[in-house]
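The values are calculated or read from the model by the stated rules, or taken from the named source; none is laboratory data. The structure presented is a predicted model; accordingly, all values stated were derived computationally and were not measured. Neighbour counts run over all protein chains shown; Cβ positions are idealised from the backbone, glycine included.
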Amino acid sequence: MAEIKSHIGTQNKKGQTYTDAWKMMHEAPRNPSFYTGSEVIKEALRRASCDVMIAYPITPQSEAAALIGELFAEGYIGDYFRGESEFAVMSQCAGAAFGGARVFTTTAGPGTMRAMENFPMWAGARLPIQMIVTCRGINSPLSIQPDTIEISYLLNTGMLVWHAETAQDFFDWILKGFIVSEEPEVHLPLALCCDGFFVTHTKDVVNLTPADMCLPPYDPYRSPVPCMDMECPPVRMMRDPFIMKSNYISYATHASWQQEIWAAVERSRKHTIKWINGLIDTENTDAEVVIVASGTAVSQGREAIRLLEDEGVRCGLVKVKSLRPWPGEEIREATKNAKHIFVPEFNVTGWLAKEIKSTIPNSERVHAGPHVCGGMTMPPEIIASEIKTALGLRSESLAGRGS
Amino acid sequence: MTQYRVLPGPEHFLPPAAASMGIYLPNPGEAHINGVIVPEEKAYEEAARQFLMAQVPTIFPGPLVLWAWNEKAAKKAAAVRKLYEILKECVQPGQKPMLIPMPDYRPKYPKINPEVEINPNHPNLTIWHNKIDCCMFIGVHCHQANLSLKIIRGGTSCYTVAMCAQAGHEDAMLSFRDASVEKIIKLGEWIRKLKGTVKPRLTTAKTSASN
């Protein structure tokens with residue numbers, strides 16, 4: 001509806017060329033670089049034409065917030081400041097996004113939980129903020145090691161939720177995430193999650209797009225809600241909310257509003273499939289045993305499959321990339337031949353297994369595990385052992401008194 | 001493939017969002033009718049037919065065309081006005097075309113007169129009181145349009161058309177996407193083309209018995 005002005009081909013103040021996002025991500029040459037996951041976040045943001053980044057850099061889970069501060073000093077970020085707390089940061093992100101900015105932030109663990117009230121508000125206000133979640137433990141006694149329990153709390157906020165396995169996923173999905181979440185019919189916040197420490201603190205070879213290319217800027221006039229109109233919902237909602245009126249119209253409007261958030265999650269499906277090449281990746285799903293996992297549990301599952309192949313056990317793999325939108329149809333199709341479905345997870349409750357059980361027929365096929373939590377590693381051997389035990393094969397003890 | 005179809009209501013106490021029922025938005029060059037993707041040309045004909053069939057065909061222009069916030073908006077507003085004039089020319093005696101604005105989205109109930117102004121939070125009141133049986137949204141922000149379209153589908157039998165400047169609306173019974181001045185004019189041309197060939201309905205919009 002706005003006067004569309006294409007920035008493609010023009011340069012920003014740093015001399016980067018605004019580039020068609022598809023060309024930048026799929027056709028531009030890639031430069032292999034050896035970076036930590038935190039450094040990869042910084043490099044993605046360098047190319048993201050980000051207007052505002054707000055940081056609460058206490059978390060030792062990731063250096064990303066501090067590194068993006070360096071980007072601001074270099075002139076790649078429009079504005080950058082530190083909030084008083086995680087709750088303040090997420091509220092300030094909302095303010096910046098209401099004003100029409102492309103907004104980015106990071107969080108982890110207890111910080112995510114402290115800020116939680118903001119996430120359904122972001123979704124309800126249709127603010128396409130991108131939040132990196134470098135997952136860690138949330139409960140006392142605290143842990144800074146990876147634990148994906150916080151993802152389960154994000155699943156019903158109305159945000160898009162993606163779970164990266166590798167630093168390469170992270171680099172690509174940060175940039176692609178802005179494109180998907182800013183589509184006018186989607187226009188929702190994105191929680192881009194990874195398993196903290198494993199991805200953020202370890203180095204890997206990541207193929208980067210050219211540093212002299214960047215995403216086109218965000219166009220707030222394509223938003224499905226008015227940009228910063230203090231007289232209209234969603235802003236006005238906060239001082240004149242529906243809950244202040246007890247009548248059918250207020251309730252019906254609020255209900256329709258909530259439905260619209262989840263409708264937008266559904267609409268993100270086709271864009272997510274296009275940009276991250278499907279909601280899941282699959283390997284050998286004709287096998288009778290299939291591992292379904294997300295995040296670094298996929299990497300461990302892949303290693304377990306290699307170990308099992310050495311012993312003559314064939315096993316398939318499903319990598320769940322997007323949790324919202326949820327790939328229900330894809331998982332049903334990928335597991336239709338499986339007699340045993342194993343769901344290794346880095347959390348104590350097994351939320352991914354529960355999601356899968358509620359999605360597929362004959363859910364007794366799902367073995368919810370193995371689980372580790374609190375920062376434990378998940379050796380591939382324990383996945384292989386659990387599979388062999390379920391199949392009635394002999395499995396060596398992996399822990400015990402050494403007898 | 002979903003069996004769900006986006007049809008005139010009253011559908012339900014709380015009708016679902018069509019997107020949650022498996023209805024997809026059209027791609028560029030396409031439209032949807034009742035949730036089924038069709039070539040855009042077919043949608044022009046059907047929208048014109050619905051307008052000419054209705055007792056009270058109504059255009060609801062929203063803030064994006066009501067306020068001259070850029071040159072394109074002003075041109076669209078002129079095209080909407082022209083469409084309304086065409087509609088008045090082409091209907092038969094007894095039909096009553098209307099142009100009712102949605103100037104903003106403030107929750108105003110019970111302060112406004114819903115017969116002269118539509119509000120996305122209670123659009124059903126405007127439909128009921130004016131006995132509107134076919135309407136078109138244009139220039140309404142997408143979130144607010146979907147909010148309204150669901151409420152209308154829930155409690156009224158009004159046929160809804162969306163002329164959307166972005167990706168379209170599953171919650172309308174018929175939706176265009178990428179709306180432009182040219183598309184508004186083209187719809188007017190289709191109305192002229194079908195003038196006199198469509199028999200108006202004899203009854204007006206039904207309302208939900210519970211209201």
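Here is how the numbers come out for the structure above:
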item: The range A:87-101, residues that are in contact with a helix residue (DSSP H, G or I) (Cβ under 9 Å, 6 or more places away or on another chain) and over 21 Å from A:H163 (Cα atoms); result: A:F87, A:V89, A:S91, A:C93, A:A94, A:A97, A:G99, A:G100, A:A101
item: Residues (charged (D, E, K, R) and not in a loop (DSSP other than H, G, I, E, B)) located in the range A:311-354; result: A:K319, A:R324, A:E329, A:E330, A:R332, A:E333, A:E345, A:K354
item: Residue within the range A:29-39 that is part of a loop (DSSP other than H, G, I, E, B), of a type in the set (V, I, T) and more than 20 Å from A:P216 (Cα to Cα) present; result: no
item: Members of the range B:114-147 that are touching a residue at least 40 places away in the same chain (Cβ under 8 Å), closer than 17 Å to B:G9 by Cβ and at the interface with another protein chain (Cβ under 9 Å from one of its Cβ atoms); result: B:N124, B:A145, B:N146
item: In the range A:276-309, the residues that are in a helix (DSSP H, G or I), of a type outside the set (A, V, I, L, M) and surrounded by 21 or more Cβ atoms within 10 Å (Cβ to Cβ); result: A:T296, A:Q300, A:G301
item: Index of the failed condition, B:G9 passing every other in (1) under 16 Å from the mean Cα position of the chain (by Cα); (2) modelled with pLDDT of 95 or more; result: (2)
item: Considering residues of the range B:8-25 that are more than 8 Å from chain A (Cβ to nearest Cβ) and surrounded by fewer than 22 Cβ atoms within 10 Å (Cβ to Cβ) only, the residue nearest to A:H271 (Cα to Cα); result: B:G22
item: Residue check, A:M113 within 24 Å of A:P184 (Cα to Cα) and either touching a strand residue (DSSP E or B) at 6+ places or on another chain (Cβ under 8 Å) or of a type outside the set (S, T, Y) (or both); result: no
item: B:P93 being part of a loop (DSSP other than H, G, I, E, B) and either without any contact (Cβ under 8 Å) to a residue 40 or more places away in the chain or more than 14 Å from chain A (Cβ to nearest Cβ) (or both); result: yes
item: Failed condition for A:L155, given (1) under 12 Å from the mean Cα position of the chain (by Cα); (2) crowded, with 20+ Cβ neighbours inside 10 Å; (3) farther than 27 Å from A:T10 by Cβ; result: (2)
item: The range B:161-205 - residue that is in contact (Cβ under 8 Å) with a residue 40 or more places away in the chain, assigned to a strand (DSSP E or B) and within 14 Å of chain A (Cβ to nearest Cβ) and, of those, surrounded by the most Cβ atoms within 10 Å (Cβ to Cβ); result: B:S175
item: Residue that is farther than 28 Å from A:G375 by Cα and either assigned to a helix (DSSP H, G or I) or in contact (Cβ under 8 Å) with a residue 60 or more places away in the chain (or both), where the choices are A:F170, A:F178, A:F198; result: A:F178
item: Candidate set from the range A:203-229 (those that are within 19 Å of B:A165 (Cβ to Cβ) and under 23 Å from the mean Cα position of the chain (by Cα)); member that is surrounded by the most Cβ atoms within 10 Å (Cβ to Cβ); result: A:S223
item: Failed item, numbered, when B:L83 is tested on (1) in a strand (DSSP E or B); (2) more than 14 Å from every other protein chain (Cβ to nearest Cβ); result: (1)
item: Residues that are more than 13 Å from B:G139 (Cα to Cα), of a type outside the set (A, V, I, L, M, F, W, C) and modelled with pLDDT under 95, drawn from the range B:94-116; result: B:G94, B:R106, B:P107, B:K108, B:Y109, B:P110, B:K111, B:N113, B:P114, B:E115
item: Strands (runs of 3 or more DSSP E) lying entirely in the range B:1-76 (those with 1 or more residues that are over 28 Å from B:H129 (Cα atoms)); result: B:30-33, B:36-39
